Amino acid sequence: MADGSMFRRSRSTHTALALALFVTLTLANAWPLAVAPNTTVGQHGDALFSVWRLAWVAHQLRANPLHLFDGNIFYPEPRTLAYSDAMLLPSVVLAPFHWAGARPLVVYNLFLLCTFALNALAAYVLVLRLAGSYVAALIGGIIFAFSPYRFEHFDHLEMQLSFWTPLAVLAWHRAVERQTTRDCLLVSAAVAAQILSCIYYAVFLITALGVMTAFWFWRTPLKAVRAAAMMLLPAMVVFAMYSLPYLGNRSRVGDRPAGEIATYSARFSDFVSAPSTNRLYGWTERFGAPERHLFPGLVAVALVVVGLWPPVDRRRAIHAVALALAFQLAFGSNGWIYDLLYAWVLPYRGLRVPARADILILLGTAVLAGYGASRLAARLEPRRVAPIVMALLLAATAIEYWSKPAVQTVNQRVSPWYPMLRTMPDAVVFEWPVTVPWRIGNMMDVGYMYRSTLHWRPLLNGYSGFYPQSYIVLLIRMRSFPDTGSIEYLQRSGATVLVLHESPKMRHVYERAIERLARDPKIQLIGSGMDAGTRIAFFRLAAAP
């Protein structure tokens, strides 16, 4: 009994030390943001988009939970939250912080930092269970949580929500080895949590677990079917229910086109390319492309080779199969199986970036590198050399992944007229200027969405993973704003409040627009002033006859 208690204390101590290391690495790799979470955010507009997503769910849970997916963007389109991943589980968990009055930007940034440590800790627990070495587990945690891929997606919060995946794999090992109902349900719970956190990763995870189960029970197919059903069917019920708003939107926005999928399918050169944010290998960025900087690190690759060196036991073989599958998924239309999945498995038709299957490559690399590190430590002679070598490998892995993500400062000087819109229950807002249809990925509307967290009134503007046709038409009609035709179109669209922003490079355009609106009898000035250092004006637009 005393020995067991001592072992538990030792394991708890090691876990606490591991968490301390992972938190330290998180702060070191996200230092510009970590020291100023109240005024700093990732440079890409998707960061502010995630701020809006988390805040919207918190707002709507109290205001009208039955219309949770009817976001206030792309008015009057329904289910606009389902144009991208809703991240429902983390949004619900974080909602009390919003209700307590925490600023949406702070909630987002602190949670983003937490995801790095949680990802590392989850992989650490998995590798420790399989490889049985604390240092090997630390290396596995670092590979999974801090690789260049993570900082390629630093501004994509849903791409950081992957800690459920190693936990699901850990539960899977217990389930196939013990074959108990409880263990199977734990797998299903972890998969369901991944579904509600990041749909992308859930689709890849379910595919991987299905293949791993088939290979584990390859001699007994009926047992494989039974185990897969027990582990995955409850999660698939959750997936089906969660997919309803997304399926409702499918008739409006369609599937991802094959050309777009091909653009974001990995190539061999992408695996020797790191994003520019990596301090050591950033110069290799030119060998890849956006969303396709997938370099895993030299130390990780070397340890995988050691881990797969014969003899290979059953567990290692299964993870080698899973790693091969992950590469095929990441290669997308450049591989052998993705087109088949796209044709026959409906969720794959909504995925734009096959290269994001790199999350499974990272997990497979972490596990097999953990095996390699454990094997290396066991064979080093003399024994006193082993701790030194393992410490050097640990440090080398961390140094290879040292990054400095690009951030921007969020100007806090907000126009007081934005909160005032809360007092106008009939306000339907249009903000100008807007982008043009051939640059629809422009981040201009993301700023308007962030400002809408101050009032939550319906907004004609929007930014998301999909765009409704009505928004494309709006952009086309606003090319001539503020002429009579564009104003009448806004009236017919339901807009009642116009917000005009000055562009520092086009001040004369702003001034001419203000003069034109001042002459229109249908439009009344509400107020004007400054917002984030530039001029802004709010107008009331009469309802359409």
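Before moving on, here are some points about what is shown:
- Residue check, Pro37 assigned to a loop (DSSP other than H, G, I, E, B) and under 28 Å from Ile143 (Cβ atoms): yes
- On the stretch given as region 153-164, residues that are touching a residue at least 60 places away in the same chain (Cβ under 8 Å) and closer than 24 Å to Leu393 by Cβ total 1.
Residue by residue, here is whether (1) assigned to a helix (DSSP H, G or I); (2) touching a helix residue (DSSP H, G or I) at 6+ places or on another chain (Cβ under 9 Å); (3) at pLDDT 95 or above holds:
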| residue | (1), (2), (3) |
| --- | --- |
| Arg316 | yes, yes, yes |
| Ala320 | yes, yes, yes |
| Ala324 | yes, yes, yes |
| Ser333 | yes, yes, yes |
| Ala369 | yes, yes, yes |
| Glu381 | no, no, no |
| Val389 | yes, yes, no |
| Ala395 | yes, no, yes |
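- Residue match in region 334-351 (condition: assigned by TED's automatic domain parsing to the domain that holds Glu177, at positive phi and touching a residue at least 40 places away in the same chain (Cβ under 8 Å)): no
- Whichever residue in region 355-397 is touching a residue at least 12 places away in the same chain (Cβ under 8 Å) and of a type in the set (Val, Ile, Thr) and, among such residues, is surrounded by the fewest Cβ atoms within 10 Å (Cβ to Cβ): Val389
- Tally of residues being among the β-branched types (Val, Ile, Thr) and under 16 Å from Thr24 (Cα atoms) across region 380-400: 2
- Taken over region 160-197, the residue count meeting the criterion of being under 20 Å from Met241 (Cα atoms) and among the hydroxyl-bearing types (Ser, Thr, Tyr) is 2.
- Residues of region 172-187 that turn out to be within 24 Å of the chain's Cα centre (by Cα) and either surrounded by fewer than 24 Cβ atoms within 10 Å (Cβ to Cβ) or not in a helix (DSSP H, G or I) (or both), as a count: 1
- Among the residues examined, Pro458 does not qualify as touching a residue at least 40 places away in the same chain (Cβ under 8 Å) and in contact with an Asp or Glu (Cβ under 7 Å, 6 or more places away or on another chain).
The values are calculated or read from the model by the stated rules, or taken from the named source; none is laboratory data. The structure displayed is predicted, hence computed values, not measured ones. Don't worry about glycine lacking a Cβ; one is built from the backbone with ideal geometry, like all the others, and counts go over all protein chains shown.
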